[in-house]
Amino acid sequence: MGKEAGRAVESARAMEADADENPEQRGELLLEAAELWRQAGEHDRAVEVLGRVIAMGGEEGGHARVALAEALFDVDQVEDGRAQLDALRREEPSSAAPYHSAAELLEERGEQHDALTWFDLAVARLSEQELAERDHGSLSYANQVLVGRRRVRQALGLPPDELDDSLSGPGPRRHAADNVVDLARARSQRARRPENRG
């Protein structure tokens, strides 16, 4: 084992120990530990830790499913990775973040059509507060999700729609689509239909 892998293993063990001592941060710390195990080449240990986080449920459980899908894709277990994303979709977490992570993972893999579906699911889960924070500029979380969605649509050669246009310009122009959430939720409903899953 090289020095870098050795350091990752040491850090992963420390994170797992911290998780035991800090139950309120347990999911987050175990997610970090799993990523370190993965970096160290300890695939089985990463999978085991991610399984523990998935069992905890909640937003961290959703993130763990995406991380597990990525780990499985890394070792060419593509069908198993897709099964994790399908399970996430069935669980329907209330937070946009796991959907957003899945969208970015699929975008990185060059699976733009699937990435767009997941970006639509993420937009539909943006909270009222996250949408309200769009007024604070392009660094808001909602705008980051919408920018990712627009990027994938552009890569697919699709013309801008109301959600894309809602990102344009300052102030009122950014609110050109008053029905941003309604549009996204309608798209999300279509994406969740069994015939559109894949």
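Nothing in this text is a laboratory measurement; each read-out follows from the coordinates by a stated rule. The structure presented is a predicted model; accordingly, all values stated were derived computationally and were not measured. Here the Cβ is made from the backbone with ideal geometry for all residues, glycine too, and neighbour counts use every protein chain on show.
Things worth noting here:
- Per DSSP, loop GluC sites (Glu not before Pro) in segment 1-63 with at most 14 further Cβ within 10 Å: none
- Stretching the chain fully between Gln154 and Gln25 yields a gain of 42.7 nm (0.36 nm per residue, less the alpha carbon separation).
- For segment 98-108, Karplus couplings with θ = phi - 60° (6.51, -1.76, 1.60), whole Hz, Gly/Pro x: x, 5, 4, 4, 5, 4, 5, 4, 5, 4, 4
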